[in-house]
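A short worksheet on the structure shown next.
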Amino acid sequence: MSEVRLSVEPRTEFGKGAARRTRRAGKIPAVLYGHGSDPRHYALPAIEFARVVRENGSNAVITLDLEGKSELALTKTIVVHPLKNYIEHVDLLVVIRGEKVTVDIPVVVTGTPGPGTLVTTDLDAIQIEVEALHIPEQVEVSVEGVVAGTQINASDVVLPKGASLVTDPDALVVAVNEAPSESALEGDEGEAEETPAEAAE
């Protein structure tokens, strides 16, 4: 994951009204905390921050530039408006170069499993501990040629060098099962169609 820089501004006004004014100005309210320091309130440039997340993922590590001073921060929480899909608020965590952090990493399933199988994903992310400047955007789980009955647990996921697993090693990540037959699917559809009539009796 590449390191990026953002120029930020301090925030001196708080509350919903102040947050709305910050967003109208094209910025995102953010709080930086960690390492025993008091929370600090900043405004991030909205367009630039959205591009950082798009290019580096939700665990982006950012160098914050404030009035000539720089500080390294990990993107910890991004709150997105449920309807309008804009970023409402961001929580940032102070990190020191070289230290390890605990983060959730998306799981991406790749490959084509064996014939007659159905792949289900039980965990769409796993938690790992990794050096702050070497956080992967994702981890891949290959199901190429995998046969029905195969289970891939968290301990089976290949992690980047220097990373360690925090998620329970026995946690099921991906299961490859036998695909239901056409007759079974048709039977399920028939039962679903009969249910309203049965309820009316």
For n ≥ 4 DSSP H runs only, could you compute -39500 (n - 2.57) per run for the chain, divide by its residues and tell me the 222 nm figure to the nearest 500? -6000 deg cm²/dmol
Can you list the lysines whose alpha carbon is less than 26 Å from that of K27, not counting same-chain residues fewer than 8 positions off? K16, K69, K76, K84
Mind listing the Cα extents of the chain along all three principal axes, in Å, largest one first? 68, 50, 27
Computed magnitude of the charge dipole of region 4-96 (debye, nearest 20; Cβ of K, R +1, Cβ of D, E -1): 420 debye
Mean Cα-pair separation over length for the chain, i.e. relative contact order, pairs under 8 Å, 6 or more apart, %: 17 percent
Tell me, what is a quarter of the convex hull surface for the C-alpha atoms of region 82-162, in nm² with one decimal? 7.8 nm²
The chain: angle of helix 46-56 to the longest principal axis, Cα-based, in degrees nearest 10: 50 degrees
Helix 182-200 against the longest principal axis of the chain: what's the angle in degrees, Cα atoms only, rounded to the nearest 10? 80 degrees
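No value in this document is a laboratory result; all are computed from the given coordinates. Keep in mind the model is a prediction, meaning the values are calculated, not measured. For neighbour counting, all protein chains shown are included, and Cβ atoms are generated from backbone atoms with ideal geometry for every residue, glycine included.
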